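The structure appears below as structure tokens.
The values are calculated or read from the model by the stated rules, or taken from the named source; none is laboratory data. Because the structure is predicted, anything quoted here is derived from the model rather than measured. Reconstructed Cβ throughout: ideal geometry from the backbone, glycine too, with neighbour counts over all protein chains shown. Please note that ligands, DNA and RNA were not included when accessible areas were found on the heavy atoms of the full protein model with its side chains. Shrake-Rupley method; radii C 1.70, N 1.55, O 1.52, S 1.80 Å.
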Amino acid sequence: MEVILFGQLTDITGSNTIVVDNIADTDSLVETINRLYPAMAGVKYLIAVNKKVVQHNTAITEAGTVALLPPFSGG
Amino acid sequence: MSNSKQLHTRYSRQIALKEFGEAGQEKLLQAKVLVVGAGGLGCAALQYLVAAGTGAIGIIDDDIVSLSNLHRQPLYGVKDIGLSKAIVAGNVLRQLNPDTQFSVYNERLTVTNALEIIGGYDIVVDGTDNFATRYMVNDACVLLGKPLVYGAVSRFEGQVAVFNQPTDTQHPPVNYRDLFPQPPAAGEVSNCSETGVLGVLPGIIGTMQAGETIKLVTGIGTPLINSLLTYNALNNQVFECQLAARSGTRSLIPQHAAAFAATDYNWLCGVTESIFEIDAEKFNALRTNGNVVIIDVREPGETPVVTEFEHTRIPLGSIEKEFVDEGHDTIILFCQSGKRSLQAAALLAGKWGVEKKVFSLAGGILQWKLEN
């Protein structure tokens with residue numbers, strides 16, 4: 001499945017989308033991303049599943065959309 | 001032409017919208033909006049809020065105009081470099097719409113003045129450029145129950161949301177701490193001066209903030225309540241996602257005014273740089289255009305000798321006793337590396353901080369000479 005990234009997260013992944021496979025829920029997504037991109041472990045971001053920000057482990061389907069959104073400070 | 005006829009003519013093109021109409025214009029004319037920060041977001045939001053006929057506008061910013069601001073802050077021109085953003089913005093906007101009532105605060109929003117200032121407005125527009133002020137504005141708006149129209153930019157992307165606006169009993173209003181309960185660690189997220197920003201981007205996002213504010217005031221359309229919009233200027237993609245309140249968020253926000261006043265937002269956000277410090281660019285802007293006295297706080301005989309700009313000399317040890325007020329509204333102190341001048345700034349701010357701005361040249365004269 002495809003994960004959309006925003007802001008400075010793209011500096012870590014090198015791209016504004018990444019593809020990860022066999023992901024059942026947001027906890028395993030975070031685990032996989034941290035393994036692929038260790039620098040992601042140290043940064044803050046929101047996880048949106050199907051355009052809803054989630055706060056607890058949430059199931060993800062292959063057809064769903066997942067986005068990671070970091071805080072912005074500039075004005 | 002009578003005043004009411006003139007008003008009608010000025011706003012005729014938005015009154016013509018059936019959803020907006022005279023009723024919408026009347027609501028806008030009664031509205032009081034505070035714009036925190038007169039930078040990239042603030043410039044855009046202010047221009048459209050004032051043009052649309054917002055009744056009362058507050059502008060708060062303690063910063064001065066620098067050359068590197070001009071690409072994204074078009075309320076200001078070259079002649080304004082070194083002058084107060086809030087004051088210049090107020091003067092420009094008065095020309096745009098003399099019927100708007102302006103309150104100009106050439107000061108920093110702090111825990112000491114935030115509740116009183118924000119309390120006087122219906123809606124707050126967040127145009128700040130740092131997390132310490134963002135969290136403080138958010139918490140103040142939660143405490144006071146004021147809607148907050150949030151905007152933030154980074155490089156080519158911007159975020160917009162409306163916080164703290166109640167909808168129904170099932171969905172408690174969301175605030176910024178429901179997204180990010182605690183501020184990021186210092187240095188984790190870069191600001192415009194570190195990573196850059198496309199000049200037009202804060203113009204777009206700030207204009208969207210003005211649009212959301214006008215929608216909230218007039219009750220038209222669907223504002224971004226409990227919703228976060230991200231816009232990417234490079235590919236024109238818009239991503240909108242729904243937000244929800246988080247249990248426990250309220251416990252992170254000061255529970256009452258006294259707790260708010262005692263909160264150190266700089267410390268929470270890991271801000272280590274002093275509020276007194278200015279870089280060489282700001283120093284040059286102030287010394288060429290501001291009503292400024294510059295003081296070398298080094299001991300007599302220290303080198304390098306400074307001949308590039310006018311200044312007086314009072315060593316750190318006697319600065320408190322020997323500084324004489326000659327009516328300047330800004331005091332800038334410098335030394336070799338910026339350490340002693342920072343101490344001097346703290347000393348002088350204790351006595352003059354309410355009526356004057358006090359700054360220390362970061363990196364001292366050694367760093368300044370390298371850059372000039």
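A few points about this structure:
- For a straight C-alpha distance cut-off of 19 angstrom, the aspartates and glutamates reachable from residue A:52 (same-chain residues fewer than eight places away being disregarded) are A:2, A:25, A:27, A:62, B:168, B:178, B:240.
- Equivalent ellipsoid dimensions for the protein assembly as shown as semi-axes, Å, which come from the Cα gyration tensor, largest first: 39, 30, 20
- Peptide A:8-14 is shielded by partner chain Cβ atoms: per residue, an average of 2 of them sit within 10 Å of its Cβ.
- Over segment B:89-158, the ratio between the Cα radius of gyration and 2.2 N^0.38 Å evaluates to 1.23.
- Over the protein assembly as shown: helical MRE at 222 nm, DSSP H runs n ≥ 4 each giving -39500 (n - 2.57), nearest 500: -9500 deg cm²/dmol
- In chain B, the ratio of gyration radius to Kirkwood radius, Rg to Rh, stands at 1.00 when only Cα atoms are counted.
- Helix A:26-36 vs. chain A, principal-axis angle (Cα, 0 to 90°, nearest 10): 60
- Shape category assigned to segment B:331-372 from the gyration tensor of Cα positions, a/c cut at 1.5: prolate
- Summarised in one figure, the compactness ratio Rg/Rh of segment B:219-282, Cα atoms and Kirkwood Rh, is 1.13.
- Principal-axis analysis of the Cα atoms of chain B puts helix B:200-218 at an angle of about 50° to the longest axis.
- Prolate/oblate/rounded label for segment B:71-115 (Cα gyration tensor, a/c 1.5): oblate
- Taking every DSSP beta bridge that has both ends in segment B:1-148, the antiparallel portion is near 5%.
- Remark on segment B:306-347: Rg and Dmax equal 10.5, 27 Å (Cα only).
- Computed about its Cα centre, the charge dipole of chain A is approximately 260 debye, with only Lys, Arg, Asp and Glu carrying charge at their Cβ.
- Exposure rank, largest accessible area first [A:53, B:297; 1.4 Å]: A:53, B:297
- Shape category assigned to segment B:144-185 from the gyration tensor of Cα positions, a/c cut at 1.5: prolate
- Projected onto its three principal axes, the C-alpha set of segment B:1-157 covers 44, 40, 30 Å, listed from the longest axis down.
- Rotationally averaged projected area of chain A (alpha carbon convex hull; nm²): 4.9
- Members of B:32/B:357; B:85/B:282; B:27/B:215; A:44/B:339; B:85/B:339; B:321/B:356 lying beyond 22 Å, as alpha-carbon distances in this model show: B:32/B:357; A:44/B:339; B:85/B:339
- For the protein assembly as shown, the solvent-accessible area works out to 45 Å² per residue, with a probe of 1.4 Å and every protein chain left in place.
- The spread of Cα positions in segment B:56-95, taken along each principal axis and listed from longest to shortest, comes to 30, 20, 16 Å.
- For segment B:84-210, the C-alpha radius of gyration divided by 2.2 N^0.38 Å, with N the number of residues, is 1.12.
- Choice from B:159, B:242, B:101 with maximal GNM fluctuation in chain B (Cα, 10 Å cutoff): B:242
- Qualifying GluC sites (Glu not before Pro) in segment B:207-307, where qualification requires a DSSP coil assignment and no more than 12 other C-beta atoms within 10 Å, comprise B:273.
- About its Cα centre, the dipole of the protein assembly as shown is roughly 800 debye, where the only charges are +1 on Lys and Arg Cβ and -1 on Asp and Glu Cβ.
- For segment B:258-312, the spread of Cα positions along the three principal axes, ordered from largest to smallest, is 48, 27, 19 Å.
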